[in-house]
Ligand SMILES: Nc1ncnc2c1ncn2[C@@H]1O[C@H](COP(=O)(O)OP(=O)(O)OP(=O)(O)O)[C@@H](O)[C@H]1O
Ligand SMILES: [Mg+2]
């Protein structure tokens, strides 16, 4: 049974005097090869969800299944973590090794791959994030954005089937942000890696084929970007604004234009309208 | 933050860089044994020459080594002075109640040379070997200790994490210091107690953030399947060349020569 399945998952944290509900009754299925966006404001439970997926946290209730394997069983954790890689939000605290190249080799090494295979993967991952020339640098001398790219490469090198990214663009300038998102799209299309991109920024999730919106620990909305972003009222009610493209489409439709196709960028939309 | 820090790896392509880390560790051990067991001034001087040639050969900038030498100049000076004054023997000249002896000067010079050689040898090792290679080499050489239930691979992981985080922690402590200073804390007060308080105000946030960091780091390592098994991959990249063997034989001969004269 391939794919990720969450069955009625809840997560509560014990605090000093009470229980803090971080997630409640989450149900969803993610198939292999999908590109999923998870959207939510601060404290909505996004990072908790990510940690549940590879068994760093165990659900208080419900089951998390990765390719049919329950994250609750310790024997299968290694296999689960090999299948599902996570890029964490703070790059400074997830880089382990004193040299970039060795950092990226860390995961593959732990999988027990042959040196030549590890070497190949390191080069491949560095190329994907465009950091070849930084191969022999020390991570602490890199900029925040470069660190985030190294963190991404070091998970990519494990060639997981599912790649979970928790706010991977928080330290990137607009240009590198677009670059990384473009890389993700390529990895999804060419390497058929499943991408689960977590963000509080709707613009980041434009490439996703399906969106899951979290609010206060529950699934608030679900659907294609067009469906989710099209419903400006419902999205606005929890303090999220759809990306500019969808605002534009909405306004055009209010003015009486019919926009049927899916567009990914504003220039595409403009071109289509000009052709009419 | 771009200046070369003492003993930090500097990338290069020299023969010394490409030597197997085990060779370098073994040679350093030979150096330690050699210089501690010999009392011959000329032998030590020759040894110093050897190390200087190796440093020149490694392409490490001599100026940065010279600068780092200045860091231990007082240690060297004190060692020399104490030996010169406190050794019994034929007085060369007198300063008040203290007399500098001929034997003292010789022993002082010998110990001075020993310290310099030790210092240069370890700097050369650290500057031409990546921490990861170093820990791979150490792990390989110490792995037999696993048999008596000493988990060597954990120690080498700890060493490599320390190498990764020391600069980060230094940076962080500087920025906490700036933050405290901008809120009026003083680090140069004549009162020791208030200075102490200011430094405590750095230490505590630093400790707190290190705890959080450690937690995150453990999660990241777990997520990437770290299992604490000996790092076979890292050690498999260790490879002995003919040069390595020649060098070890050469150093063994140098060591033997020192023991004999
Ligand atoms: N280890 C923990 N102990 C107690 N409470 C926790 C813990 N981890 C998370 N929480 C709580 O769970 C809730 C969800 O946190 P989570 O980190 O998943 O949010 P998030 O959506 O990732 O937010 P952000 O966008 O700020 O990263 C928060 O209210 C948080 O306080
Ligand atoms: Mg988060």
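Bear in mind that the values in this text are calculations on the coordinates, not laboratory data. Every value quoted in this text rests on a predicted model; they were computed, and no experiment measured them. With ideal geometry, Cβ positions are generated from the backbone for all residues, glycine too; neighbour counts draw on all protein chains shown.
Looking only at the protein assembly as shown, where both bridge partners belong to it, what percent of the DSSP beta bridges are antiparallel (to the nearest 5)?
55
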Legend entry - Whole-angstrom gap from region A:6-47 to region B:11-52, using each part's C-alpha centre: 58
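Indicate, rounded to the nearest 5 percent, the antiparallel portion of the DSSP beta bridges found entirely in chain A.
Details: 20 of 38 bridges.
Bridges in chain A are about 55 percent antiparallel.
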Legend entry - Three-way shape label, chain A, alpha-carbon gyration tensor, a/c 1.5: oblate
Inset, instruction - Evaluate E = 1/(1 + (r/R0)^6) for residue B:261 and residue B:90, where r is the Cβ-Cβ distance and R0 equals 25 Å; express this FRET efficiency to the nearest 0.05. - result: 0.55
Legend entry - Per-residue [θ]222 nm for the protein assembly as shown (sum of -39500 (n - 2.57) over DSSP H runs n ≥ 4, rounded to 500): -17500 deg cm²/dmol
Legend entry - Cα gyration tensor category, rounded, prolate or oblate, for chain B with a/c compared to 1.5: oblate
Inset, instruction - Return the Cα extents of the protein assembly as shown along principal axes one, two and three, sorted largest first, each rounded to a whole Å. - result: 108, 60, 53
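Just want the ordering: A:137, B:17, from fewest to most Cβ atoms lying within 10 Å of their own Cβ. Working shown, then result.
Values: A:137 16, B:17 19.
The most exposed by this proxy come first: A:137, B:17.
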Inset, instruction - Along Cα→Cβ, 7 Å out, is where each label goes; now give me the distance between the ones at residue B:97 and residue B:188 in nm to one decimal. - result: 3.9
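Cα convex hull of region A:24-157: how many Å³ per residue? Provide the component values of the computation, followed by the final result.
Details: hull volume 17.9 nm³, N = 134.
About 134 Å³ per residue, rounded to a whole number.
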Legend entry - Cα-based shape type of region B:64-207, given that a ≥ b ≥ c are square roots of the gyration tensor eigenvalues and the cut on a/c is 1.5: oblate
Legend entry - Calculated diffusion of region B:131-230, Stokes-Einstein form, Kirkwood radius summed over Cα pairs, 37 °C and 0.692 mPa s, µm²/s: 202
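With the alpha-carbon atoms as the only input, what is the per residue convex hull volume for region B:50-104 in Å³? List each step's numbers first, then the result.
Details: hull volume 5.7 nm³, N = 55.
With only Cα atoms used, region B:50-104 gives 103 Å³ per residue.
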Inset, instruction - Quick one: compute a quarter of the convex hull surface over the Cα atoms of region B:178-255 and quote it in nm². - result: 11.8
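Translational diffusion coefficient of region A:143-276 at 4 °C, 1.567 mPa s, Stokes-Einstein with Kirkwood Rh over Cα pairs, in µm²/s as a whole number.
Details: Rh = 16.4 Å.
Estimated diffusion coefficient is 79 µm²/s.
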